[in-house]
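Quick notes on the structure that follows.
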Amino acid sequence: MTEIFITFFKIGLFTIGGGYAMIPLITDEMTRLGLLTREEILNLIAVAEGTPGPFAVNIATFVGYKSFGFLGGIIATLGVVLPSVLIIIIVSMLYEKIRKTKVLDFLMTGLRPSAIALLFSAVIALALPHITPVFDLLGVVCLIIMIGITQIKKIPPIGILGISALLGIVVKFIF
Amino acid sequence: MKYLDLFITFFKIGLTTFGGGYAIIPQIKETLVDKRKLLTDEEMVDMIAISNATPGVISVNLATFVGYRIGKILGATIATLALIIPSIIIITLIAMFFMEFMKIKAVNYAFWGLRIGVIALILRASISLAKKMKYDIFSILVIIAVLILTVFTSMSAILILILAFLVGIIYKSVYVAVKKK
């Protein structure tokens, strides 16, 4: 159980720039620890997107629950949330005294580009099983379709998920 | 009573906000700034900037920050807990019945599609994040280095981030020192 707490604490600590930045870390840590398969991770993200509340919390609760039941869910969530709470409290206390944003910019120099690179590599890692070892033509075609649809920027994530769910049902029933 | 306000506000936000950090901002503005006057607009703008720049979940950062501003450590704790409790309950319920749901063919197929949709969404997020960044030689080198490390080594993402953090600090320190001359 402490392992789950520590893992999510690390994930919470290194998530910069929002929920999606968490995905490469989750993918990495969960497969590394053997807690989730790539398929389960994707299922999880879909559920976390479609439910209210912070994305990171949804993911942590789900993984924690799956590994250690109700208590696991709570511990994982507290883990992912604690870095935020601690850092922000410290920043708040010092905020009056120092112009924090310059220091933060300084600290973030290496992290911001890395977060972007990690996101792209997560896309590759998550999409790769559709290509090797077995080439999944159906999957690849649907992926290209969905990528095209997501580029129509007005559609919010929930809409995209709705479309992809329907696409999945239709395509899989036919082929 | 401010602590109750905090709890109720953030509980509602946790229950009704879909789709990521920034969506909670209008709700905070409406309740805490306009209705309850516990926060000013300027303070909100500051908090958003800081929550953005610090690691961690943006909406949790905001909740903690607002909570602290209004009620110190107790306020921060209450706001954060209120935000996350609805999620914990809802997700636990979903997780409990998830396996059973997946046995239904339609649900199973839907999730096949959803997994693909998720990949497309992550790609979209990556592209829009990439567009927002300002690029200099350093950041481009970092991006290339990180891509090489993730694709060709089994180095953990967190280790890579720690390295990037250190390299970033070293680079910035040198840069600033050189600039002063």
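Quick notes
- Residue match in the stretch B:59-67 (condition: more than 20 Å from A:Phe62 (Cβ to Cβ), at pLDDT 75 or above and aromatic (Phe, Trp, Tyr)): yes
- Scanning the stretch A:30-62 for residues that are at pLDDT 90 or above and touching a Ser or Thr at 6+ places or on another chain (Cβ under 6 Å) yields A:Ile41, A:Val57, A:Asn58, A:Ala60, A:Thr61.
- Checking each residue in the stretch A:37-95 for being more than 7 Å from chain B (Cβ to nearest Cβ) and surrounded by fewer than 18 Cβ atoms within 10 Å (Cβ to Cβ) picks out A:Thr37, A:Arg38, A:Glu40, A:Gly50, A:Phe68, A:Gly69, A:Leu71, A:Leu86, A:Ile90, A:Met93, A:Leu94.
- Candidates B:Phe11, B:Phe18 - the one that is of a type in the set (Phe, Trp, Tyr) and either facing chain A (nearest Cβ under 7 Å) or in contact with a strand residue (DSSP E or B) (Cβ under 6 Å, 6 or more places away or on another chain) (or both): B:Phe18
- Number of the exception - B:Leu38 against (1) under 22 Å from B:Met133 (Cα atoms); (2) not in a helix (DSSP H, G or I): (1)
- Scanning the stretch B:126-142 for residues that are touching a Gly at 6+ places or on another chain (Cβ under 9 Å) and surrounded by fewer than 23 Cβ atoms within 10 Å (Cβ to Cβ) yields B:Leu129, B:Phe138, B:Ser139.
- Test for B:Leu32: is it modelled with pLDDT under 80, in contact with a Ser or Thr (Cβ under 8 Å, 6 or more places away or on another chain), in a helix (DSSP H, G or I) and not acidic (Asp, Glu): yes
- Matching entry among A:Ile144, A:Ile160 (being surrounded by fewer than 15 Cβ atoms within 10 Å (Cβ to Cβ) and not aromatic (Phe, Trp, Tyr)): A:Ile144
- Screening A:Val134 against (1) more than 7 Å from chain B (Cβ to nearest Cβ); (2) within 23 Å of the chain's Cα centre (by Cα) leaves a single unmet condition, (2).
- For the stretch A:18-30, the count of residues that are closer than 19 Å to A:Ser121 by Cα and among the aromatic types (Phe, Trp, Tyr) is at least one.
- Scanning the stretch A:1-43 for residues that are farther than 22 Å from A:Gly110 by Cβ and hydroxyl-bearing (Ser, Thr, Tyr) yields a total of 4.
- Condition met for B:Ala63 (in a helix (DSSP H, G or I), surrounded by 23 or more Cβ atoms within 10 Å (Cβ to Cβ) and not polar (S, T, N, Q)): yes
The values are calculated or read from the model by the stated rules, or taken from the named source; none is laboratory data. This structure is a prediction, so every number in the text was calculated from the model and none was measured. Every residue, glycine among them, receives a Cβ derived from its backbone with ideal geometry; neighbour counts consider all protein chains shown.
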